[in-house]
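Chemist: Let me begin by handing over the structure; questions about it come next.
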Amino acid sequence: MLKVENLGVRYGAVAAVRDLSLSVGQGELVALLGPNGAGKSSTINALTGLVAPSAGRIVLDGQDISRVRTEDRIRAGLTSTPEGRRIFANLTVGENLRLGAATRRDPKGVRQDMERFLALFPVLSERYAQAAGTLSGGEQQMLAIARSLMSRPKLLLLDEPSLGLAPKIVVRIFDFIGQLKAEGLTLLVVEQNARQALRFADRVYVMSSGVLRFDGPPSGLADEHGLLNLYIGG
Ligand SMILES: Nc1ncnc2c1ncn2[C@@H]1O[C@H](COP(=O)(O)OP(=O)(O)O)[C@@H](O)[C@H]1O
Ligand SMILES: [Mg+2]
């Protein structure tokens, strides 16, 4: 579904991502792991079009989208839930959800999805008319994911969904991510929390200092002498 070929991302003199190639197949959950500063968010932002790659190609369903605008990538089925959630704190839960559907032109389908996600997340339903900023961190992460789903993505990119959340909440967020995978959604999940990310991962990539260090099944990661400890910490 997604093929990234020799991607490079630069910020002036800083090469944040170098010669990165990866793929995500239909229905797969792929984990992209690595320590702080590895270039994970830069990779995600290049995939969504928030930063322009300095090199390489991004191919979605056979179409080169490297130069396609972000909103057109969303229309093509590629949506991300950014690091730090970026919900609109002053807008209500309902308004945040509706914004996730801004690229859609099927009001009836949008209403149906809205009802579906409110049923799936009772807490969002209870807080529907409340400012999103009043939700807890875990609830805000759920809202951020639900908002992304409102665009009806084929491929959802999650950038550190566990960031800043209590361990118990993190487990719940990943339970839900596993449920999305079971429903057939294709996912690329960026994490520093390797243990959680690997629970549902079909394949895993590890990067550090902008470069890919490992590519294989989660079981292979444990075999590579201390790779987890070296790059991820547990
Ligand atoms: N907007 C930016 N301007 C300059 N440097 C940046 C910017 N964003 C990220 N970087 C640098 O790029 C590198 C990779 O960052 P990032 O992609 O955020 O890593 P990660 O998400 O893996 O923590 C880091 O060295 C970071 O300081
Ligand atoms: Mg990041």
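Chemist: Restricting to the stretch 81-129, what's the tally of residues that are part of a loop (DSSP other than H, G, I, E, B), basic (Lys, Arg) and either surrounded by 13 or more Cβ atoms within 10 Å (Cβ to Cβ) or in contact (Cβ under 8 Å) with a residue 24 or more places away in the chain (or both)? Break it down stepwise before answering.
Modeler: Kept after step one, since they are part of a loop (DSSP other than H, G, I, E, B), are these residues of the stretch 81-129: 82-91, 100-106, 121, 127-129.
Filter once more, keeping what is basic (Lys, Arg): 85-86, 104-105, 127.
From the residues that got through so far, the ones that are either surrounded by 13 or more Cβ atoms within 10 Å (Cβ to Cβ) or in contact (Cβ under 8 Å) with a residue 24 or more places away in the chain (or both) too are 85-86, 104, 127.
Within the stretch 81-129, residues that are part of a loop (DSSP other than H, G, I, E, B), basic (Lys, Arg) and either surrounded by 13 or more Cβ atoms within 10 Å (Cβ to Cβ) or in contact (Cβ under 8 Å) with a residue 24 or more places away in the chain (or both) number 4.
Chemist: Here is a list: Val14, Val51. Which entry is assigned by TED's automatic domain parsing to the domain that holds Phe214, over 30 Å from Gly133 (Cα atoms), aliphatic (A, V, I, L, M) and within 16 Å of ligand 2 (Cβ to nearest atom)? Steps first, please.
Modeler: Details: Val51 fails: over 30 Å from Gly133 (Cα atoms).
The match here is Val14.
Chemist: Hey, another quick one. Keeping to the stretch 45-58, report how many residues are over 18 Å from Val189 (Cα atoms) and of a type in the set (A, V, I, L, M, F, W, C).
Modeler: The initial filter retains those residues of the stretch 45-58 that are over 18 Å from Val189 (Cα atoms), namely 51-57.
Checking the rest, the ones that are also of a type in the set (A, V, I, L, M, F, W, C) come to 51-52, 55.
The qualifying residues number 3.
Chemist: Moving on. Within the stretch 50-80, work out how many residues are without any contact (Cβ under 8 Å) to a residue 24 or more places away in the chain and assigned to a helix (DSSP H, G or I).
Modeler: 2
Chemist: Listed residues Leu50, Leu7, Leu60; which is touching a strand residue (DSSP E or B) at 6+ places or on another chain (Cβ under 9 Å), buried (at least 22 other Cβ atoms within 10 Å of the Cβ) and not polar (S, T, N, Q)?
Modeler: Values: Leu50 fails: buried (at least 22 other Cβ atoms within 10 Å of the Cβ); Leu60 fails: buried (at least 22 other Cβ atoms within 10 Å of the Cβ).
Going through Leu50, Leu7, Leu60 in turn, just one is touching a strand residue (DSSP E or B) at 6+ places or on another chain (Cβ under 9 Å), buried (at least 22 other Cβ atoms within 10 Å of the Cβ) and not polar (S, T, N, Q): Leu7.
Chemist: What tally of residues in the stretch 12-49 results from selecting those that are in contact with a Phe, Trp or Tyr (Cβ under 9 Å, 6 or more places away or on another chain) and part of a helix (DSSP H, G or I)? Write out each step before concluding.
Modeler: Quick first cut of the stretch 12-49, residues in contact with a Phe, Trp or Tyr (Cβ under 9 Å, 6 or more places away or on another chain) only: 20, 22, 29-35, 38, 42.
If we keep only those that are part of a helix (DSSP H, G or I) too, we end up with 42.
Qualifying residue count for the region: 1.
Chemist: How about the stretch 178-194: which of its residues are closer than 16 Å to Gly25 by Cβ and touching a Phe, Trp or Tyr at 6+ places or on another chain (Cβ under 7 Å)?
Modeler: The answer is Lys181, and nothing else.
Chemist: Exactly one of these conditions fails for Ser162: (1) in contact (Cβ under 8 Å) with a residue 60 or more places away in the chain; (2) within 16 Å of ligand 2 (Cβ to nearest atom); (3) in the same structural domain as Ala46 (by TED's automatic domain parsing). Give me its number.
Modeler: (1)
Chemist: Here's another thing I want to ask about it. Here are some conditions: (1) of a type in the set (Ser, Thr, Tyr); (2) surrounded by fewer than 18 Cβ atoms within 10 Å (Cβ to Cβ); (3) within 12 Å of ligand 2 (Cβ to nearest atom). Ser41 meets all but one. Which one does it not meet?
Modeler: It is condition (2) that Ser41 fails.
Chemist: Here's another thing I want to ask about it. Which one is surrounded by the fewest Cβ atoms within 10 Å (Cβ to Cβ), of the residues in the stretch 130-159 that are touching a strand residue (DSSP E or B) at 6+ places or on another chain (Cβ under 7 Å) and of a type outside the set (A, V, I, L, M)?
Modeler: Out of the qualifying residues, it is Gln130.
Chemist: Of the residues that sit in the stretch 8-52 and are β-branched (Val, Ile, Thr) and more than 21 Å from Asp72 (Cα to Cα), which one is nearest to ligand 1 (Cβ to nearest atom)? Steps first, please.
Modeler: Initially, the stretch 8-52 is screened for residues β-branched (Val, Ile, Thr), giving 9, 14, 17, 24, 30, 43-44, 48, 51.
The next check asks that each one be more than 21 Å from Asp72 (Cα to Cα); those that pass are 14, 17, 30.
Numbers: Val14: 5, Val17: 7, Val30: 16 Å.
Result: Val14.
The values are calculated or read from the model by the stated rules, or taken from the named source; none is laboratory data. Quick caveat, the model's predicted, so the values are computed rather than measured. A quick note on method: Cβ atoms are made from the backbone with ideal geometry, for glycine too, and the neighbour counts reach across all protein chains shown.
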